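The values are calculated or read from the model by the stated rules, or taken from the named source; none is laboratory data. None of the values given here were measured: they were computed from a predicted structure. A quick note on method: Cβ atoms are made from the backbone with ideal geometry, for glycine too, and the neighbour counts reach across all protein chains shown. All accessible areas refer to the heavy atoms of the entire protein, side chains included, with ligands and DNA or RNA removed. Shrake-Rupley method; radii C 1.70, N 1.55, O 1.52, S 1.80 Å.
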Amino acid sequence: MEKKNIDWSNLGFAYMQTDMRYVSNYKDGAWDEGALTSDANIVLNECACVLQYAQTCFEGLKAYTTEDGHIVTFRPDLNAKRMADSAARLEMPVFPEDRFVEAVHKVVEANAAYVPPYGSGATLYIRPYMFGSNAVIGVKPADEYQFRVFTTPVGPYFKGGAKPITIRVCDYDRAAPHGTGHVKAGLNYAMSLYAIVDAHQKGYDENMYLDAATRTKVEETGGANFIFITKDNTVVTPKSGTILPSITRRSLLYVAEKYLGLKTEEREVYLDEVKDFAECGLCGTAAVISPVGKIVDHDKEICFPSGMEKMGPTIQKLYDTLTGIQMGHIEAPEGWIHTIC
Ligand code: PLP
Ligand code: COI
């Protein structure tokens, strides 16, 4: 298979249309058999539930080219499970988890020419999503749904790649107690748009959201979980019922303990204690691990000892081990790597 003529090393995190996508429709209480299509457009009724009441959820995972030339995905079963949880919370029918993994497989295989080569620094981002598609005017769930998966080749989420970023403590909230912060609902991202535009206008790369109830605890950013390293080298991640259960974060905690022999703690993290950490990073599929050099909390600045030039040493080790597993030069735990071809 011949690769597309793309400048892989200079890709940003942006949409590029690829050849094929997967579509399955839900009607009369059942999903149809689904199929690949070359049509990237969707025609919807003006009153579709997704357009009026934002009944939609999504997932994000990546396909990688390994050192020995295979194309693989990373723990797609966990994305399938999380999408099932999101769908249930939004009163949508669950797309069967085995069919989710199969759909991802088919779309990546059909777009193999767009999977960036090993060593290019780019990956193929995979976006499964579903939405209520029939007309609904009273506030209630749709009866008909569409599940789709498309792919797009991407580079780093933050400009500058692995350079430390600057974030600010945000005065807006992302998720409420008993709300939808723990699922991947489109609405969680719609309500973060005002805050991210404002952050960018003021020169920050991202927002640090606090818990809405007390505004004393660290939650996450708009698109990634936090990971902190203490001065005695323990990996700490915030525990909260209102953040997205990041697959990258769960994988990193395992890697920290089992591959690097580090102590880990998943616990509430108070904003007051952040100044005492040695390193900070954002972790997620898109973010991979993006180091944070500085956090601005209104008139106070927290500058991590790891600085603004490069990743701190422990985050670097976590990054190298995780990406080493994804790219196939470090042996993966059983079941983590799904080989496409
Ligand atoms: N938190 C939010 C709000 C996200 O959008 C994402 C991205 O999916 C993450 C965390 C990281 O999750 P994952 O590691 O599963 O990609
Ligand atoms: C991801 O990392 O997959 C995300 O969904 C984050 C962002 C692109 C929304």
For Ser24, Ser38, give me the order by solvent-accessible area with a 1.4 Å probe, most accessible first, ignoring ligands, DNA and RNA. Ser38, Ser24
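Can you give the net charge of the other residues whose Cβ lies under 11 Å from the Cβ of Ile42, counting K and R as +1 and D and E as -1? Can you show the working numbers first?
Working: positive: Arg21, Arg148; negative: Asp39.
With Lys, Arg at +1 and Asp, Glu at -1, the neighbours total +1.
Using only alpha carbon pairs under 8 Å that are at least six residues apart, calculate the relative contact order of the range 8-154 and give it in whole percent.
38 percent
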In a Gaussian network model of the chain with springs linking alpha carbons closer than 10 Å, the residue among His182, His298, His105 that fluctuates most is His298
Counting Lys +1, Arg +1, Asp -1, Glu -1, what net charge surrounds Ile330 among other residues with beta carbon under 11 Å of its beta carbon? -3
Calculate the length of the line joining the C-alpha centroid of the range 105-158 to that of the range 161-230, in whole Å. 23 Å
Cut-off under 5 Å, modelled amide H: who pairs with Thr264 long-range: Val235
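At 1.4 Å probe size, with the rest of the protein present, what percent of the exposed accessible area of the range 244-341 is carbon and sulfur atoms? Walk me through the numbers on the way to the answer.
Values: 2280 of 4580 Å².
Ligands and nucleic acids excluded, carbon and sulfur reach 50 percent.
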Taking only protein heavy atoms into account and a 1.4 Å probe, give the accessible area per residue of the range 165-324 in Å². 42 Å²
Could you give the nm distance between label points at Glu46 and Asp7, where each point is 7 Å from its Cα heading toward the beta carbon? 4.3 nm
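Give me the orientation-averaged projected area of the Cα convex hull of the range 165-324, in nm², one decimal. Mind dumping the intermediate values first?
Details: hull surface 34.6 nm².
Averaged projected area of the range 165-324's Cα convex hull equals 8.7 nm².
How large a share of the accessible area of the range 1-147, in percent, is made up of carbon and sulfur atoms when the probe is 1.4 Å and the other protein chains stay in place? Write out the running numbers ahead of the final one.
Working: 3330 of 6940 Å².
Of all accessible area on the range 1-147, carbon and sulfur atoms account for 48 percent.
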Cβ under 12 Å from Ala122's Cβ, Ala122 left aside: what net charge do those residues give with Lys, Arg +1 and Asp, Glu -1? +2
Hand me the GluC sites (Glu not before Pro) from the range 42-136 located in a DSSP loop with no more than 14 other Cβ atoms within 10 Å, in residue order please. Glu46, Glu67, Glu91
Translational D in µm²/s for the chain (Stokes-Einstein at 4 °C, 1.567 mPa s, Kirkwood Rh from C-alpha pairs): 62 µm²/s
Output the relative contact order of the range 237-341, whole-number percent, from Cα pairs under 8 angstrom with separation of 6+ residues. 22 percent
Over the chain, what is the relative contact order in whole percent, taking alpha-carbon pairs under 8 Å and six or more residues apart? 20 percent
